[in-house]
Each structure stands twice: as structure tokens, then as C-alpha cells.
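This report concerns only the one structure given below.
The values are calculated or read from the model by the stated rules, or taken from the named source; none is laboratory data. Small disclaimer: the values here were computed from a predicted structure and weren't measured. Using ideal geometry, Cβ is built from the backbone for each residue, glycine included, and neighbour counts are taken over all protein chains shown. SASA here: full protein model, heavy atoms, side chains in, ligands and nucleic acids out. Shrake-Rupley method; radii C 1.70, N 1.55, O 1.52, S 1.80 Å.
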Amino acid sequence: MADTARSLIFCLMVSGLLGCAQSKPAGANSGAQTASATPAAVAENATAGREALPPDTAPPPHIDAAKAMDYARQVVSFGPRYINSPGHKKTEQFLRAHLKGDDLEEDAFTTSTPAGNLPMVNFIARFPGSQNGIVVLAGHYDTLYGRNDFVGANDAASDTGLLLEIADYLRDQKKRPGYSIWLVWLDGEEAIKQWSDSDSVYGARHLAAKWQKDGTAKNIKGFLLADMIGDKDLDIDRDQNSTPWLEDLVGQAATRLGYQSHFFQRLNAVEDDHLPFARIGVPVADLIDFSYGYNNVFWHSPQDTLDKLSPQSLGIVGDVMLETARLLPAHK
Ligand SMILES: [Zn+2]
């Protein structure tokens, strides 16, 4: 995200925090923290959510967090990874090498930007489930355009590495019940010049248009985005630009795994890769911790380095995404 846009959002977030403190305790279920929700709607929402839960018989998901961290470490070692940089090419090759035995699609395209036409490529790895329907788990792998002082450990080697470990986890599960899971590494999330609707989330806009055209979008039951999820001090925001019931389900998944204290302390309104999919009617949830260091000081700074990350945070977000995917078929 661009500095201006996100700085404004950060101010909103602070006021949202005050609002939270006056309403329900953090970690409370459902849309209680959403200013526009009426008490009746909140109660209905929470009840519906509880009734939707299946019996808790399946073993909880548990990815190898150390391996996710190691993938993130390798991605950071490629250096800055903005479009057309050597690090971007190395990341593409790294993804290809690790996903080569999978049902992998490279969604390559060229798009107009303030720096002229640029080539971009989204990677999509599909893992089948037993039920008709798709859950997308996504992140972005590009870093700030033109910035050679920025290695983006959290933004976004963290989700790049996490999705690679989730691929390993899913590959090992033969005949997995539930919806198919598609893992997506998006390109061109960052602005080329200045964050705006037309200069941001290039890969997501391209893929959403494609999936709307070919009918895939109608079959997507949930789109879960991970961004800036490696912070040692993990506190995932509740995002007002996400689909409320899917945010509720993420909260339920976190609670079932005992991770609820890392979720939804703050209210936020985030512009990110999920928005193009929300606009075409796909239920979306952005899992983002937009408080990276005091006052978000490490965000888009040369201090976004590996020492700020922990494998535990990657593990928590990965497990909660997979648990949310597992709960989705029973929802509604
Ligand atoms: Zn960013």
C-alpha cells in the first residue's frame, strides 16, 4: 500500500481503537466492533455463527511454522523484489521450483502503469478437495517499486513463505475433505508511483477480471488474504472493507485454535489485494497486522527486516486460514 493512503487509514484505525474500547471487550464475537451494526444484527450474527459450527472432530490444522519462516528467509535473501528487478526474477524461479509438481498456473500479463507497460505474473496452485467450491488463500510477492533499500521481510516475504509452506501441507493431504484450496501469489500489489485505485493491486485487478469473465468467481466461497502477518507482536486487525460474516468466521477459527488474543483488538479499513475480488461479489477477508513496530514505523521502511518476524506468527495465521477454510462448507 502507498504511504498516503495507509497513513490516512492508520488515523482511522486509531479512532477505531478508541471506539472499540468503549464497546465490547476485544475478542468478543462477531460484528460488535462495527459501528454500523445494530445490537439486534450483532446478536443474530453471533447466533448464526455458532449454529453453523460443525462438531469439532477433525484434528486442528498445524503447519510447520519453522519451515514457513525458512521460506521467508530465503525470499528475503533475494533482495528487493520489485517488478523487473533481479530479486523479482529469482522469486518467480523460486516459486516455480517449489510448485513444479503441482497444478500450477502462471497468469502472466503486461499492464499499463505510470512507469510504462510492465510485465507481471500471478502464480496459482490448485489443491483439490472433495466438495464443489473454491477457497482462495492469497498474498503478494512484489516489494516497493524501485526501492533498493527495502527487502520487505514482513511486506511481503512473510506471506510468500507462508503460502509455500501451506502448499507443502496441502500436498501431503491426500483426499482432503472440503472445498478445493487455491493458493495465489499475486504480483504488483504495491503502487508504481503513488497509491490510487488505478496505481495499486495490479495482479489482483487482473485476476479478478479474469475470474469474473471465465465464471470462476461464482464458485469461490471465500477469499482469504494474508499481508504483513509475520510481526512478532501479532495483532490481526478486523477490517471493515472485508465481508463481515467471513471476518466472523476467521474470528471463530482463531478462537477454536486458542489464538483469539491475536485477532481483532483493532478496527481498521484496509485497501489491499482483496478489494478487486470484493467488487465482483466474492466474500473476502484481509488478515493484516497494520501495526508493525511502534506507530507502524517499520512499514515500508528499510527496517522491515527478518529480525522483526517470528515463526509463531506465521504459524498462527496459516493455521487460522486453514481452519477458516475447513469451517466454510458448514457455513450457511
Ligand atoms: Zn506494502
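Considering ALA226, ALA209, ALA217, which residue is modelled with pLDDT of 95 or more and either within 16 Å of the ligand (Cβ to nearest atom) or under 20 Å from GLY318 (Cα atoms) (or both)? Give the derivation first.
On the way: ALA209 fails: either within 16 Å of the ligand (Cβ to nearest atom) or under 20 Å from GLY318 (Cα atoms) (or both); ALA217 fails: either within 16 Å of the ligand (Cβ to nearest atom) or under 20 Å from GLY318 (Cα atoms) (or both).
Within the list ALA226, ALA209, ALA217, the selection yields ALA226.
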Output for the range 94-115, where each listed residue is small (Gly, Ala, Ser) and farther than 12 Å from ILE83 by Cα: ALA97, GLY101, ALA108, SER112
Residues of the range 141-180 classified as within 13 Å of the ligand (Cβ to nearest atom), among the hydroxyl-bearing types (Ser, Thr, Tyr) and open to solvent by 10 Å² or more (accessible area, probe 1.4 Å), total: 1
Pair list, Cβ under 7 Å, 6 or more apart: the range 157-179 residue over 19 Å from LEU328 (Cβ atoms), other residue among the β-branched types (Val, Ile, Thr) and open to solvent by 10 Å² or more (accessible area, probe 1.4 Å): ALA157/VAL76
Number of the exception - VAL297 against (1) β-branched (Val, Ile, Thr); (2) open to solvent by 10 Å² or more (accessible area, probe 1.4 Å); (3) under 17 Å from the mean Cα position of the chain (by Cα); (4) within 16 Å of the ligand (Cβ to nearest atom): (3)
Count of the range 229-251 residues which are open to solvent by less than 30 Å² (accessible area, probe 1.4 Å) and either within 16 Å of the ligand (Cβ to nearest atom) or not hydroxyl-bearing (Ser, Thr, Tyr) (or both): 15
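Looking for whichever is under 16 Å from PRO128 (Cα atoms) and not hydrophobic (A, V, I, L, M, F, W, C) here; the options are ASP159, ASP168. Which one fits?
Details: ASP159 fails: under 16 Å from PRO128 (Cα atoms).
Just a single option satisfies the conditions, and that option is ASP168.
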Residue match in the range 260-283 (condition: in contact with a Leu (Cβ under 9 Å, 6 or more places away or on another chain), open to solvent by 10 Å² or more (accessible area, probe 1.4 Å) and either among the hydroxyl-bearing types (Ser, Thr, Tyr) or closer than 19 Å to ILE63 by Cα (or both)): yes
Any hit, the range 311-329, residues being more than 28 Å from PRO177 (Cβ to Cβ), surrounded by fewer than 18 Cβ atoms within 10 Å (Cβ to Cβ) and more than 16 Å from the ligand (Cβ to nearest atom): no
